[in-house]
Each structure stands twice: as C-alpha cells, then as structure tokens.
Amino acid sequence: MLDELEFNTLTLDQHGDLAILTLNRPQALNALSSEMLIELTEAVEAVAETVEVFALIITGNERAFAAGADITELARLDGVYSGREASLGGQNVMHEIASLPFPTIAAVGGYALGAGLELALACDVRIGSPGARFGMPEVTLGLLPGYGGTQRLSRLIGPGRALDLMLTGRQVGAEEALQLGLINYLAPDALEKAREVAQMMTANAPIALSLVKEAVRRGLSGSLEEGLEIEADLFGMAVSTQDFREGTAAFLAKRKPKFQGE
C-alpha cells in the first residue's frame with residue numbers, strides 16, 4: 001500500500017482508486033531539488049505498480065505548487081556536460097509521469113514556475129486556484145527550460161504563446177492561464193476540483209483511458225496520417241476488451257457499466 005512509503009520532500013497517500021502526491025518542501029516553496037526529483041521518481045514508480053490506483057493528483061500548498069528548480073543546486077553546474085546531465089535527469093522524471101497509463105492531474109495553488117510548471121505540464125490535466133501563478137522565468141537566469149518545458153508548453157498552447165512566456169520570463173495569473181489553455185479549469189479549491197475531475201475519469205473504462213493517452217502521446221510525434229493509423233490500431237485493441245463488451249451492453253440495457261479493466 002502507498003501509505004507504507006516514507007519520503008523527505010513529499011507525501012503520497014491513497015484514497016480508494018486515487019493517489020495524491022503532495023510536494024512538501026515548504027521552506028523552499030517546493031523547489032525541485034535533486035532529492036525531490038529522486039523521490040518523485042520513486043513515488044511515481046510506486047503508484048504505477050499499485051493495481052488499485054486508477055488516477056494520480058500532484059499538488060503542493062497554497063503558496064506554491066513548485067516555484068522552480070533548486071537554484072542553489074543549479075548554480076553549482078559547470079560546463080556543457082553537467083548541464084546536459086541535469087536536463088536529462090529532470091526530463092526523465094517528467095517522462096515517467098507523462099507515461100503513466102492512467103490519468104494524472106496537477107492541482108496548482110500558488111507558484112508554478114520553471115521546473116514547477118514543467119511538472120504540471122507533464123500531467124494530463126491542470127487545475128488552478130485563483131491565486132495560482134504560472135511562468136517560465138529561466139531566461140532571467142541565463143537558462144532555458146530544461147525539463148521538457150520548451151517542447152510540452154509549445155505543444156500545449158502553440159509556439160507563439162509559448163515563446164511569449166519563455167522569452168519574456170513573465171508570470172501569468174490563473175485567469176490568463178485559463179485563456180491561454182495552460183490550465184483546463186479555474187476553481188476556488190484546485191485540489192477539490194481535481195478530485196471531482198478524477199472521479200469523472202475513473203468512472204470510465206481503465207483500458208480505454210490508457211489507450212486514449214497512448215493515442216495522443218504517440219500521435220503527436222508524427223504526421224496526421226501516422227496518428228490516424230495509431231488511432232485505428234488502438235481502437236481495434238479497445239474493441240477486443242471485456243470492458244468494451246460491458247460498456248456497450250450497459251448502454252443498451254440502460255444501466256451503469258461495471259468495468260473491470262480487462
């Protein structure tokens with residue numbers, strides 16, 4: 001069970017079929033230190049191996065979701081090799097999150113800047129509270145986003161809007177983030193809304209949820225024609241599942257389906 005795990009920089013709890021990962025480094029506004037990146041990887045791997053979990057929420061506190069990377073650690077980097085290795089290490093963590101087969105939601109209160117925004121971008125859906133702030137201020141440090149931000153942000157909101165945020169380093173509030181498409185929902189309580197959205201997602205067929213994520217993820221890396229081929233292949237896989245049989249039978253019988261993930 002997830003409640004048996006102990007971490008220094010985060011907490012991980014299981015609530016039925018939902019896991020909630022809370023960043024817990026408040027003295028540093030949840031800045032992503034090397035220790036936190038390691039523990040994030042361990043936590044995500046633990047969630048992935050827990051068969052009872054069908055969705056993951058990542059959150060912080062009211063002051064900060066995550067205010068960036070740990071600048072003290074970044075300042076020690078010296079040379080191309082160390083910088084590249086640091087970037088690849090952060091990218092690997094975000095890739096682990098993005099590759100989870102079930103829905104992931106970032107519930108953002110306070111600052112989601114730099115690496116913190118990159119963490120939110122690795123999730124499928126982002127929800128912000130009214131006090132949330134978003135930005136990619138790396139250029140103000142002589143850097144660029146290195147944990148996947150240049151790629152995921154551009155794909156999410158388009159290159160023009162993404163370049164505006166990355167080249168100016170400016171922060172945007174939750175309302176502008178909603179307009180930009182950076183967040184999916186703006187809610188008084190981001191975590192409460194995340195729970196609500198997670199419940200809507202997990203009411204559906206688990207295999208279908210996984211296949212939707214796979215179709216989008218793989219399709220974005222190729223042409224439209226290639227994406228359509230991927231979609232057709234995965235549609236065929238979905239039709240072969242017991243969940244498809246149950247879903248269609250329940251619809252025709254006008255009852256709620258009982259999906260088993262088979």
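Here are the numbers:
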item	result
Antiparallel DSSP beta bridges within the range 1-107, percent to nearest 5	40
Computed [θ] at 222 nm, deg cm²/dmol, the chain (DSSP H ≥ 4; -39,500 (n - 2.57); rounded to nearest 500)	-14500 deg cm²/dmol
Inter-label distance for L88 and T11, nm, one decimal - labels placed 7 Å from Cα along Cα-to-Cβ	3.6
Length gained when the stretch S240-Y81 is fully extended (0.36 nm per residue, less Cα-Cα span)	52.5 nm
Acute angle (nearest 10 degrees) that the helix 34-48 long axis makes with the longest principal axis of the chain, alpha-carbon atoms	0
Cross-link reach list, aspartates and glutamates versus K213, counting only Cα pairs under 14 Å and skipping chain neighbours closer than eight places	E96, D124, E231, D233
Full-extension gain in nm, E52 to N184, via 0.36 nm per residue minus C-alpha separation	44.9 nm
Dipole of the chain [Lys/Arg +1, Asp/Glu -1 at C-beta], most positive-end residue of V93, S82, A115	A115
Cα long-axis angle, helix 242-253 against the chain (0 to 90 degrees, to the nearest 10)	60
Sequence of T22, T168 once ranked by neighbouring C-beta atoms within 10 Å, starting from the fewest	T168, T22
Integer Hz, Karplus 6.51/-1.76/1.60 couplings in order for the range 10-18, x for Gly and Pro	7, 10, 9, 10, 10, 10, x, 8, 10
Dipole in debye (nearest 20) - the chain, about Cα centre, beta carbon charges: Lys, Arg +1; Asp, Glu -1	840
Segment L163-A249, extension gain: residue separation times 0.36 nm, minus the distance between their alpha carbons	26.2 nm
Separation between Cα centres of the range 6-81 and the range 218-262, rounded to whole Å	32
The chain, relative contact order [Cα under 8 Å, separation at least 6], %	15
Spherically averaged projected area of the range 203-262 from its Cα convex hull (nm²)	4.2
Residue exposure sequence - R255, R195 - by fewest surrounding Cβ within 10 Å	R255, R195
Per-bin percent of Cα-Cα distances, the range 1-144 [10 Å]	12, 44, 34, 9, 1
Highest-first arrangement of 242-251, 29-38, where packing means the average Cβ count within 10 Å	29-38, 242-251
The range 118-262, relative contact order in percent, only Cα pairs under 8 angstrom and at least six apart counted	22
For the range 2-202, share of DSSP beta bridges that run antiparallel, in % to the nearest 5	30
Virtual spin-label span in nm between L156 and K258, 7 Å along Cα→Cβ	3.9
Rg/Rh ratio calculated on Cα atoms of the chain (Kirkwood radius)	0.98
Packing-based ranking, highest mean first, of 67-79, 220-232 given that Cβ atoms within 10 Å are counted	67-79, 220-232
Cα-based reach from K258 at 14 Å (exclusive), listing aspartates and glutamates while leaving out same-chain residues under 8 positions away	D243, E246
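Bear in mind these aren't lab numbers, they're just calculated from the coordinates by the rules spelled out. It should be emphasised that the depicted structure is a prediction, and the values quoted were computed from it without experimental measurement. Note that we place each Cβ from the backbone using ideal geometry, even for glycine, and neighbour counts take in every protein chain shown.
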